[in-house]
Amino acid sequence: NYWGHWDYDSLDVLNAEEGSKSGERCINMLVAGIRTADRIVTVSSTYAWEICEKNSFGFGFGLQSELLKRRDDIHGVTNGIDLGEWDPATDEHIRPNNFSLGDLAGKRACKRALAEDLGLSPDISVPLVGFIGRLDRQKGADVLLDALPSILESHTHEKVHVVMLGTGDAALESRIQAAQASFPDCVRGISEFNVALSHRIVAASDILVMPSRFEPCGLNQMFAKRYGTVPVVHSTGGLSDTVQDFNQLTCTGTGWTFKPCSPEALLQSVTLALTVLAKGSEEEGFGRNNKWQQLVKNCMESEHGWPNAAAQYEMLMQWTQMTQTHHKSNKVVTRYQSSYSN
């Protein structure tokens, strides 16, 4: 398991110390790390708070008491992404339809090409909603599947295409295939791990849905933004730290968040996204209205590279060194005072 949970009899074999023990008669390597680390770092600020405060699926996993003891030493640093690998202007997986913020023609070509390859209508005026993820309870594919009939019956557009890519739980894979059979003109499910196809879906989609029940950081929402694909995400962990709700009055924000993690809440946010997208189709040609254009621009201009994360890690290391130096100095003073008093 992720904890490094070992039977108590393994103590001598592992050369572990008594401090590794958790409350039960076993050895927990994660508890040992939490108790002895100078700093504890998670991969987003919100998740750093959630693992201490929330006592539900995905948060703390029963270690809240240990984490709360170290609360002042827990920090969150959001992961960065590889800007070289995930660059729509140079991405080899979408050639020859590369694009940039200054010229989005390639994105529309990506959409048409993907639809044709998957046997969907190549009409680029049909919104494309993507899902990429491991098929398990955490990633919330079941939440999307529960909302799928309502999304497809939305009156915002005459038709909506939904493409789901992922492997994992056999029951979820079966549900995706059943959804494709029920909506053969609108749904495609690909049950495989396919890096090239994930790039193509990110590039082609108008909206990327991430209904994760918990998400320490999440990367797909950052990939999506870089490709001008608008994320609709459950407001949790790194998703809430990296996606700001779009304000139609000020045209600020980079997507939509929803909570709770339910089909109804997901449907509401997807419907809102489709409504904003639809206004472009009605007013100035699909996807070209000022609000949607500004939203895409906001997404593509977001900064999610590693330099910012690296700077935060460097700062944490410096703080840790300063703290250790301070503690050592206090020990020296204490010893000196004790010796002097004797």
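The values are calculated or read from the model by the stated rules, or taken from the named source; none is laboratory data. Everything numeric here is computed off the predicted structure, so don't read it as measured data. As a convention, Cβ positions derive from the backbone with ideal geometry for all residues, glycine included, and neighbour counts pool all protein chains shown. Please note that ligands, DNA and RNA were not included when accessible areas were found on the heavy atoms of the full protein model with its side chains. Shrake-Rupley method; radii C 1.70, N 1.55, O 1.52, S 1.80 Å.
Details
- According to the Cα-based calculation, Rg over Rh for the stretch 179-218 is 1.01, with Rh computed by the Kirkwood formula.
- For L30, solvent-accessible area (1.4 Å; no DNA, RNA or ligand), Å²: 70 Å²
- Cβ-Cβ distance of Q177 and S150, R₀ of 22 Å, FRET efficiency by 1/(1 + (r/R0)^6): the value works out to about 0.65.
- Packing-based ranking, highest mean first, of 88-96, 203-211 given that Cβ atoms within 10 Å are counted: 203-211, 88-96
- Formal net charge of residues neighbouring M300 (Cβ-Cβ distance under 14 Å; K, R +1; D, E -1): -2
- Size of electric dipole in the stretch 119-163: Cβ of Lys, Arg +1 and of Asp, Glu -1, about Cα centre, debye, nearest 20: 200 debye
- Split the accessible area of the stretch 166-315 by element, probe 1.4 Å, and carbon with sulfur accounts for 52%.
- The stretch 142-293 - share of DSSP beta bridges that are antiparallel (%, nearest 5): 10 percent
- Local electrostatic count at A141 - Lys and Arg +1, Asp and Glu -1, tallied over other residues with Cβ under 12 Å: 0
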